[in-house]
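Shown next, in structure tokens, is the structure this report addresses.
The values are calculated or read from the model by the stated rules, or taken from the named source; none is laboratory data. As the structure is a computational prediction, the values presented were derived from the model and not from experiment. All Cβ positions, glycine included, derive from the backbone under ideal geometry; neighbour counts span all protein chains shown. These area figures cover heavy atoms from the full protein model, side chains too; ligands, DNA and RNA do not enter into them. Shrake-Rupley method; radii C 1.70, N 1.55, O 1.52, S 1.80 Å.
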Amino acid sequence: MKTAHSVGLPTTCTMMYGHVDNPAHWVAHIRLLASIQDETGGFSEFVPLPFVHANAPVYLAGIARPGPTLRDNRAVHAMARIMLHGRIKNIQTSWVKLGVENSRLMLAGGVNDMGGTLMEETISRMAGSEYGSAKGIAELEDICTPLGRPTRQRTTLYGTVSQERIDAARVADSRGLLRSALPLV
């Protein structure tokens, strides 16, 4: 990550949790990310990724636990907001891994991003996620709207998208051609 940042390539940072780890690991990982961000300023977002266990070899071998609890999910997202405050502005929730209702809980707890382009996501599904592999624009907006959370289409680096691109995305979505190719914050 430091190398990418040193040549001007911004990156995302992530943390998979809920397998063989514990809260001390989460804190250490987030502290490391904060340290790298203090040094480079190159992270655009932090994406906590809850472990999906059902078909994961490490779980099937009896090494990992069956994913994080709801309390774990809320704690990780809250710790990230607090520990990365003033460093990494965007904290993302994963509807693919958490589902709609749990993603709403993360948004209500201060997370500000519903995620980026996903078209027929397969990694989480292969691991056993049951929350789907694609969502259209209206479906993603429906996750945020009941919470009073505004949505907007954004670029990968959280920039503004032209109205022409927004309109084209809505037309494609209405025709079923666009499934969650819209990062919403």
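Here are a few things to note about the model shown:
- Residue match in region 39-50 (condition: in contact with a Phe, Trp or Tyr (Cβ under 8 Å, 6 or more places away or on another chain), open to solvent by less than 70 Å² (accessible area, probe 1.4 Å), farther than 17 Å from Val111 by Cβ and of a type outside the set (Lys, Arg)): no
- All of Val58, Val76, Val27, Val7 fail the test of being of a type in the set (A, V, I, L, M) and crowded, with 17+ Cβ neighbours inside 10 Å, apart from Val76.
- Filtering region 70-112 to residues that are touching a Gly at 6+ places or on another chain (Cβ under 8 Å) and assigned to a loop (DSSP other than H, G, I, E, B) leaves Thr93, Ser94.
- Selection from region 79-101 of residues that are open to solvent by less than 40 Å² (accessible area, probe 1.4 Å) and more than 25 Å from Ala34 (Cα to Cα): Val96, Gly99
- The residues on offer are His29, His53, His25, and the sole one that is closer than 26 Å to Gly99 by Cα, touching a residue at least 60 places away in the same chain (Cβ under 8 Å) and not aromatic (Phe, Trp, Tyr) is His53.
- All conditions in (1) at pLDDT 75 or above; (2) buried (at least 16 other Cβ atoms within 10 Å of the Cβ); (3) out of contact with any Gly (no Cβ under 7 Å at 6 or more places or on another chain) hold for Ser133, with the sole exception of (1).
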